[in-house]
Amino acid sequence: MVHEIKCPELKDMVANGGQLIDVRSNMEFSRGALESAINLPIESFPHSVNTIDKQKPVMLYCVSGARANMVKQFLESLGFNYVYNLGGISQLSHC
């Protein structure tokens, strides 16, 4: 499920320690990403999950929201409580 977050709310969450994560490939990320986003491609999550703070919100996006949803489910299965699927980058490009 895609979680609707308005731009001001997204910026506020990032400013307060929220983790904005682009789960697209390195190539996709290099073509453009949201400001403040870090790139953790979906296939890297089993190895990089320890770099994500469980206590802070995790906001995920990709092209359509499908990969972000898979990562969201994976993180929730590991006990992450504040995980949001923001959907696709085109929906967020105005942020």
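Checking Glu28 against (1) surrounded by 14 or more Cβ atoms within 10 Å (Cβ to Cβ); (2) of a type outside the set (Lys, Arg); (3) closer than 16 Å to Tyr84 by Cβ; (4) more than 12 Å from the chain's Cα centre (by Cα): exactly one of these is not met. Which one?
Condition (3) is where Glu28 drops out.
Answer with yes or no whether Gly79 is at pLDDT 95 or above and on the phi > 0 side of the Ramachandran plot.
Criteria met by Gly79.
Restricting attention to the stretch 35-57, report how many residues are farther than 13 Å from Val71 by Cα, touching a residue at least 24 places away in the same chain (Cβ under 8 Å) and assigned to a helix (DSSP H, G or I).
Summing the residues that are farther than 13 Å from Val71 by Cα, touching a residue at least 24 places away in the same chain (Cβ under 8 Å) and assigned to a helix (DSSP H, G or I) in the stretch 35-57 gives 0.
Would you please name the residue that is farthest from Ser77 (Cα to Cα), looking only at residues in the stretch 1-33 that are at pLDDT 95 or above and in contact with a Cys (Cβ under 6 Å, 6 or more places away or on another chain)?
In this case the residue turns out to be Arg24.
Here is a check on your reading of the model: is Asn69 surrounded by 13 or more Cβ atoms within 10 Å (Cβ to Cβ), in a helix (DSSP H, G or I) and touching a residue at least 60 places away in the same chain (Cβ under 8 Å)?
yes
The values are calculated or read from the model by the stated rules, or taken from the named source; none is laboratory data. Predicted model, so just to flag it, every value in this text is computed and none were measured. Glycine gets a Cβ as well: all are built from the backbone with ideal geometry, and neighbour counts include every protein chain shown.
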